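All remarks here apply to the structure that follows.
The values are calculated or read from the model by the stated rules, or taken from the named source; none is laboratory data. Everything numeric here is computed off the predicted structure, so don't read it as measured data. Note: ideal-geometry Cβ built from the backbone for every residue, glycine included; neighbour counts use all protein chains shown. These accessible areas exclude ligands, DNA and RNA; they are computed on the full protein's heavy atoms, side chains included. Shrake-Rupley method; radii C 1.70, N 1.55, O 1.52, S 1.80 Å.
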Amino acid sequence: MRNKAIAATLPSGRTAYRQLADYTSDMAALATQYPTKVKQFTLKNNSLENRAIRGIEVTRDVNVSNGKPVFLMLGLHHAREWPSGELTLEFAYDLLKNDGVDPRITNILDKARVVFVPVVNPDGFNLSRTLGYELKRKNCRITNGQLPTAGQCAQSANRSRGTDLNRNYSGFWGGPGASSSLTSETYRGASAFSEPESRNVQAFVSAHQVTTLITNHTYSNLVLREPGYAGAGPTPDESIYKALGDQMAAQNGYDSQFSYELYDTTGTTEDWSYYATGGLGFTFEHGANSFHPAFSNVVNYYFGTGSTAGKGNRSAFLLAAESTINPARHSIVTGSGPAGAVLRLKKSFTTKTWNGTQLPDVLDSTMVVPAGGTYTWHTNPSTRPTVVQQGGTESWTLTCERPSGQVLETRQVTVARGASVTANLTTCAAGF
Ligand SMILES: [Zn+2]
């Protein structure tokens, strides 16, 4: 069919799918072009094939530890789902290009820290994108407990091997919708967080107050929220969780639903992240029927097509960013403290796998008290969703420290979603 409309141009101007090296060079170029708004970082672990995994943080005064709420965008857990990386990185370009131009975006850069990891699974993506094995989904775990040897992942005999990174997170790990067979497309891995690539996301989320998370996938035209398996029952955050999912789906034209309505899954990103942190996490399944259709479809996914023309995922992502800065959707810890002191929020608990094994989790994030001597830290609630459901409460342990790490004051802070708690760190101020 002829299309007389002038094709919209993606924020980066790209007209073809990126190769792995393009992601790396594009993020580096953005950091160079916008030094006060873009900070590159490397995730904790290299991939199984020893690739560094990079991301960028985007906000105004990015190098200042300023307590802004964090919106994390992820792409390419699954290697063949090329649009998932494109849409992730294009939104970064959009924010940077339109800061100071579009008031919505200016506001987002003022108030949120938006973090992009477009390629969670670089080994698998590279194999797929270079057409070594175009339909590669999983990572390069060829043998449990062993690193792949050079070239092993690309061998055709090993095509079916690998761990499904989106079944390898610890939440409900080992349950329905995941396989115990290394050659299954939904292989859960030898153990929860057996894979460096999923541990990277765990480490990042554990070290930041990620109040909103979107992990991008293809395909099915869905906006999915927890729970991932029907038996878990609705979350205590269902009303706001559904409201945000529905609002985003109204922009991109997808269906907004529980993750289990697609099919039961366990060990997915949000099966861990939502229940561990309370941050509202979504899986977007982009597109109707293809893992990586012709690139022109990516433009449509981004800007919308048909009934969502002019909206699309761009508008959905903007809503997610605006929800991130909405204090009704997260928690605030605020007060006075000595300028330059390091504040730390820490919480230790266990996450239960499907068979009941309790695995240790530690959330540990920091910010620095600004020059004015007062701080406002946008955080996740102190009480995890399952504990909220049982009528219980949990606290953050808040410490005020010298930059050397010496702790001058320790407080227990309990704060619900939508609430703000004041902690004036007078002992710390006196001793700093
Ligand atoms: Zn996927």
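Counted by Cβ distance under 15 Å from A249, the other residues give a net charge of 0, where Lys and Arg count +1 and Asp and Glu count -1.
Taken per residue, the accessible surface of the chain reaches 37 Å², heavy atoms only and a 1.4 Å probe. In this structure the amide hydrogen of R384, modeled in the peptide plane, comes within under 5 Å of the amide hydrogens of E394, none closer than 5 places in sequence on its chain. Summarising the amide proton neighbourhood of A341: residues at separation of 5 or more, or on other chains, whose placed amide H is nearer than 5 Å comprise V369.
Summarising the strand pairing of the chain, around 60 percent of its internal DSSP beta bridges are antiparallel. For the chain, modelled as a GNM whose springs connect Cα atoms under 10 angstrom apart, the maximal fluctuation among G373, G175, G55 occurs at G373. The long axis of helix 196-206 is offset from the longest Cα principal axis of the chain by roughly 30 degrees. In sequence order, the range 345-354 has phi-based couplings of 10, 9, 8, 10, 6, 10, 10, 8, 7, 4 Hz under the Karplus curve 6.51 cos²θ - 1.76 cosθ + 1.60, θ = phi - 60°, and Gly or Pro positions carry x. Basic side chains Lys and Arg get +1 at the Cβ, acidic Asp and Glu get -1 at the Cβ, and with that the dipole of the chain about its Cα centre reaches some 460 debye.
When you restrict to C-alpha pairs under 8 Å that are six or more residues apart and normalise by the size of the chain, the relative contact order lands at 16 percent.
Once the C-beta distance of T422 and A230 is scaled by a Förster radius of 35 Å, the resulting FRET efficiency is 0.30 to the nearest 0.05.
Charging the Cβ of each Asp and Glu at -1 and of each Lys and Arg at +1, and nothing else, the dipole of the range 13-96 about its Cα centre rounds to 220 debye.
Taking every alpha-carbon pair under 8 Å whose residues sit at least 6 apart, the range 300-432 reaches a relative contact order of 29 percent. Annotation for the range 77-182: GluC sites (Glu not before Pro) lying in DSSP loop with at most 14 further Cβ atoms inside 10 Å of their Cβ are E134. Across the range 72-202, Cα pairs under 8 Å and at least six residues apart give a relative contact order of 22 percent.
For the chain, lysine pairs separated by 8 or more sequence positions, or belonging to different chains, with Cα-Cα distances below 21 Å total 17.
Sites listed here are GluC sites (Glu not before Pro) in the range 375-432 whose DSSP assignment is loop and whose Cβ has at most 15 other Cβ atoms within 10 Å: E394.
Stokes-Einstein diffusion for the range 72-230 at 37 °C, viscosity 0.692 mPa s, with a Kirkwood radius from C-alpha pairs, works out to 196 µm²/s. Across the range 156-161, computed HN-Hα scalar couplings (Karplus, 6.51 cos²θ - 1.76 cosθ + 1.60, θ = phi - 60°) run 4, 5, 9, 4, 7, 7 Hz from first to last residue, x flagging Gly and Pro.
Amide H to amide H, with H built 1.01 Å from N, F282 comes under 5 Å of L213, I214, T215, counting only residues 5 or more places away or on other chains.
Each pair of Cα atoms in the range 231-277 enters the Kirkwood radius, and Stokes-Einstein at 10 °C and 1.306 mPa s then converts it into a translational diffusion coefficient of 135 µm²/s.
What part of the accessible area of the chain, given as a whole %, is carbon or sulfur when the probe is 1.4 angstrom?
Numbers: 8050 of 16040 Å².
Accessible surface attributable to carbon and sulfur in the chain totals 50 percent.
Quick one: if you take sqrt(5λ) for each eigenvalue of the C-alpha gyration tensor of the range 330-431, what semi-axes come out, biggest first, whole angstrom?
Numbers: eigenvalues 153, 47, 19 Å².
Calculated on Cα positions only, the semi-axes equal 28, 15, 10 Å.
Taking the square root of 5 times each eigenvalue of the Cα gyration tensor, what semi-axes in Å does the equivalent ellipsoid of the range 1-128 have, largest first? Provide the component values of the computation, followed by the final result.
Numbers: eigenvalues 110, 97, 26 Å².
For the range 1-128, the semi-axes come out at 24, 22, 11 Å.
For the options T376, T32, T324, a Gaussian network treatment of the chain with springs between C-alpha atoms closer than 10 Å singles out T32 as fluctuating the most. Each residue of the range 420-432 was assigned a 3J(HN,Hα) from its phi angle through the Karplus curve 6.51 cos²θ - 1.76 cosθ + 1.60 (θ = phi - 60°); the sequence is 10, 10, 9, 10, 8, 8, 6, 5, 5, 5, 5, x, 6 Hz, with glycine and proline shown as x. Let's test this: bin the Cα-Cα distances of the chain at 10 Å from zero up to the farthest pair and state each bin's percent. Taking every Cα pair in the chain, the percentages come to 5, 22, 32, 26, 12, 2, 0, 0.
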